[in-house]
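One structure below.
The values are calculated or read from the model by the stated rules, or taken from the named source; none is laboratory data. Just so we're clear, the structure is a prediction, and the values are computed from it rather than from any experiment. Reconstructed Cβ throughout: ideal geometry from the backbone, glycine too, with neighbour counts over all protein chains shown.
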Amino acid sequence: MIQLNYAIFMAVWRRWFGGGFDRLGDNRFLQHLIGGGVACFVLWYNGYHWIQVVLAALVLQGLFWARSHGCCFDYGHGKVDESRYNQLWYWKYLKKMMPESLWYTFYGDFFLMLIRYSLPAFVLAIILVSSLCLMMGICVASVYALCWIGYDFGWTKRPTEIAEYLAGFMAALLLGAALI
C-alpha cells in the first residue's frame, strides 16, 4: 500500500516540480527536500540500509529528477535552438549514434530523453540492486512521447502537464515494485 501512496504522491510532486501549483511556489530547495525526504522514508520503510537510502535519494533527486531534460522534452515541436541542445550533457551521445537528419525530430528527442532518464536509472539499479529500476528511464521517456503523440492526434491540449503526472506516478510505481 505504501508503494501506491508513494506513486500518487510522486505524480503530484512531479507536476509541482514541473511548474504546476503556483500557490505552492517554485522553491527548488523545498521541492527537493520534500521529494528526497519522502523517497528516504519509503526506502527506509522497505528495509534498505541507510547508505543505500541516502545514495538512492541523492540519485533520484540530483540526477533522475533535477537534471534538465531541456529542449528535447517537446519531441520535435519546439523551435530548434542548437545552443540549448549543446548544453545537454547527453547531446554528444545522440550526435554519435544517430544521423544528423534525425537530431531535431521526434526520434532524436525520444532518444535524448531515453538517455537522459535511463543513465540515472542505471545508477539507481546498482545502488538498490534491482533491475526494475532500469525500466524507470524507459518509462519516463515513453510517457512523454505518448503524451506528445496524443497532442498530435488532438487527444490532449496539455501534453507536458499530463506527462509530468504520469511520469511521476510511473517512475514511483516502478521504484516501488523494485522495493518489494
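For the stretch 121-133, check the following and say yes or no: at least one residue is out of contact with any strand residue (DSSP E or B) (no Cβ under 7 Å at 6 or more places or on another chain) and under 16 Å from residue 18 (Cβ atoms). Reasoning before the result, please.
Residues of the stretch 121-133 that are out of contact with any strand residue (DSSP E or B) (no Cβ under 7 Å at 6 or more places or on another chain), as a first pass: 121-133.
Those still in the list that are under 16 Å from residue 18 (Cβ atoms) too: none.
Among the residues of the stretch 121-133, not one is out of contact with any strand residue (DSSP E or B) (no Cβ under 7 Å at 6 or more places or on another chain) and under 16 Å from residue 18 (Cβ atoms), which makes the answer no.
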Name the residue, out of 124, 114, 94, that is among the aliphatic types (A, V, I, L, M), over 26 Å from residue 31 (Cα atoms) and not in a loop (DSSP other than H, G, I, E, B). 94
Identify, from the list 88, 112, 124, the residue that is buried (at least 19 other Cβ atoms within 10 Å of the Cβ), under 26 Å from residue 153 (Cα atoms) and either charged (D, E, K, R) or in contact (Cβ under 8 Å) with a residue 12 or more places away in the chain (or both). 112
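Looking at the stretch 15-27, is at least one residue under 19 Å from residue 169 (Cα atoms), surrounded by 13 or more Cβ atoms within 10 Å (Cβ to Cβ) and free of Cβ contacts under 8 Å to residues at least 40 places away in the same chain? Working first, answer last.
Quick first cut of the stretch 15-27, residues under 19 Å from residue 169 (Cα atoms) only: 15-21.
After this cut, where a residue has to be surrounded by 13 or more Cβ atoms within 10 Å (Cβ to Cβ) as well, the list is 15-18, 20-21.
Narrowing further to those that are free of Cβ contacts under 8 Å to residues at least 40 places away in the same chain: 16, 21.
Yes, because at least one residue in the stretch 15-27 is under 19 Å from residue 169 (Cα atoms), surrounded by 13 or more Cβ atoms within 10 Å (Cβ to Cβ) and free of Cβ contacts under 8 Å to residues at least 40 places away in the same chain.
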Return the residues of the stretch 65-85 that are surrounded by 14 or more Cβ atoms within 10 Å (Cβ to Cβ), assigned to a helix (DSSP H, G or I) and out of contact with any Gly (no Cβ under 8 Å at 6 or more places or on another chain); say none if nothing qualifies. 70, 73, 74
Checking the structure you have, find out if any residue of the stretch 41-61 is modelled with pLDDT under 85 and not hydroxyl-bearing (Ser, Thr, Tyr). no
